[in-house]
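Peer 1: Quick one: structure below, then a few questions.
The values are calculated or read from the model by the stated rules, or taken from the named source; none is laboratory data. Owing to the predicted nature of the structure, the values given are computational and were not obtained by experimental measurement. We place every Cβ from the backbone using ideal geometry, glycine too, and count neighbours over all the protein chains shown. Areas reflect the complete protein model, heavy atoms only, side chains present, ligands, DNA and RNA absent. Shrake-Rupley method; radii C 1.70, N 1.55, O 1.52, S 1.80 Å.
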Amino acid sequence: MARVNTDLTPLDRGGLAERIRAGETTTGSFAGLGSTMAIEVLAAAGLDWILVDLEHGGGDEASIGDAVAAAGGYGAATLVRVETPDRIRIGRALDAGAAGLMLPRVNSAAEVARIVPHLHYPPLGDRGVATYNRSLRWGMDKAGLTTSNDEVLTIVQIETADALAEVDDIAALDAVDVLFVGPLDLSYALGVPLDFDAPVFRDALEAVVTAARKHGKSAGILSADAATAKTRAAQGFTFLPVGSDSTLLADTAAAVVSTLRG
């Protein structure tokens, strides 16, 4: 039997997690069109990672593996925001080759502590063990069974008032790598819808960055454009997605229309 070259792979194998845990700033974008080709374009542009959004986007779990292959061909990692942080949803995304997961709508450190075992194989967690999937090269690279627990990136959304109140306790959990602000949801939760300059919203961002720094974690936030992302970076955020496949396309098309018709 021919020897398998395990160095040839679209899998991230913990590279992104290592960079983020070392304090490096990374840039990515959300993918919500459900289009593998759009994900490939984003990766070809040089982004560090692409996040497949299954909470709000048009894709599904069956599209994750194709996204991993498309993005990985350009050296970009694929992350997934799961619909719900249930064990089966988390396991399927990881089996498809996701480098890490974003956990939406969590409200407390205790809830996060109940969820994170789903991202890890026993004895650290309760992720189901199977080898016939992309994450283990269809059974040809079982080493991932021992390395995956250290390689997976865990991103917890801070988008509710309850989560914000416990952000320090959430950041203190060893398995958490990134505290991620969903600015739209958080602004609504704080009673200042879409007002990102409101004092209560600014205070919330400072609390997230402070908790992340205190516990050696990364703080992240979604920005609508690169200029906003630069501002967020100056505020201490290091996990920096800009827009999504659909918004980047729409903004560019709208700019063309405005320029040519204006």
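Peer 1: So if I place +1 on the C-beta of Lys and Arg and -1 on the C-beta of Asp and Glu, and nothing else carries charge, what would the dipole magnitude of the range 1-134 be about its Cα centre? I want it in debye, nearest 20.
Peer 2: Values: 12 positive and 16 negative charges, 69 e Å.
It works out to roughly 320 debye.
Peer 1: Measuring from centroid to centroid over Cα atoms, what is the spacing of the range 186-244 and the range 79-137 in Å?
Peer 2: Cα centroid to Cα centroid, the span is 25 Å.
Peer 1: Sticking with this structure for a sec: Excluding same-chain residues fewer than 8 positions from Lys230, which lysines have a Cα within less than 24 Å of its Cα?
Peer 2: Correct list for Lys230: Lys214, Lys217.
Peer 1: Counting only heavy atoms of the protein chains, get the accessible area per residue of the chain (1.4 Å probe) and round it to a whole Å² value. Spell out each step's value before the answer.
Peer 2: Values: 12290 Å² over 262 residues.
Result: 47 Å² of accessible area for each residue.
Peer 1: Rank Leu240, Leu33, Leu190 by mean-square fluctuation in a GNM of the chain with C-alpha springs under 10 angstrom and give only the top-ranked residue.
Peer 2: Answer for the Gaussian network model of the chain: Leu190.
Peer 1: Oh, and also: What's the ranking of 52-61, 153-162 by average number of surrounding C-beta atoms within 10 Å, highest first?
Peer 2: 153-162, 52-61
Peer 1: Need one value: the accessible area of Met37 in square angstrom, 1.4 angstrom probe, rounded to the nearest 10.
Peer 2: 140 Å²
Peer 1: Can you list which of the trypsin sites (Lys or Arg not before Pro) found in the range 49-131 are DSSP loop residues with at most 13 other C-beta atoms within 10 Å?
Peer 2: none
Peer 1: Going by the alpha-carbon gyration tensor, a ≥ b ≥ c the square roots of its eigenvalues, is the range 1-115 rounded (a/c under 1.5) or, if a/c is not under 1.5, prolate (a/b greater than b/c) versus oblate?
Peer 2: It comes out rounded by the Cα gyration axes.
Peer 1: Beta carbons within 10 angstrom, averaged per residue: use that to sort the peptides 20-26, 178-184, highest first.
Peer 2: On the way: 20-26: 14.7, 178-184: 22.4.
By packing density, highest mean first, the sequence is 178-184, 20-26.
Peer 1: Tell me which of Gly182, Ala204, Ala224 sits at the most positive position along the dipole axis of the range 114-262, charges placed on C-beta atoms (Lys, Arg +1; Asp, Glu -1).
Peer 2: Ala224
Peer 1: Still on this structure, I have one more. Using Stokes-Einstein with the Kirkwood hydrodynamic radius over Cα pairs, what translational diffusion coefficient do you get for the chain at 37 °C and a viscosity of 0.692 mPa s, in µm²/s rounded to a whole number?
Peer 2: Stokes-Einstein gives a translational diffusion coefficient of 176 µm²/s.
Peer 1: Something else now. Of Pro10, Gln157, Leu119, which is farthest towards the positive pole of the chain's charge dipole, taken about the Cα centre with +1 and -1 on the beta-carbons of Lys, Arg and Asp, Glu respectively?
Peer 2: Toward the positive end, the furthest listed residue is Pro10.
Peer 1: What is the dipole size for the chain, taken about its Cα centre, with +1 at each Lys and Arg Cβ and -1 at each Asp and Glu Cβ, in debye to the nearest 20? Walk me through the intermediate numbers first.
Peer 2: Numbers: 21 positive and 34 negative charges, 112 e Å.
Taking the Cα centre of the chain as origin, the dipole is about 540 debye.
Peer 1: Measure off, as a whole percent, the carbon and sulfur share of the 1.4 Å-probe accessible area of the chain, all protein chains present.
Peer 2: 55 percent
Peer 1: If you place +1 on the Cβ of every Lys and Arg, -1 on the Cβ of every Asp and Glu, and leave all else neutral, what size is the dipole of the range 61-158 about its Cα centre, to the nearest 20 Debye?
Peer 2: 80 debye
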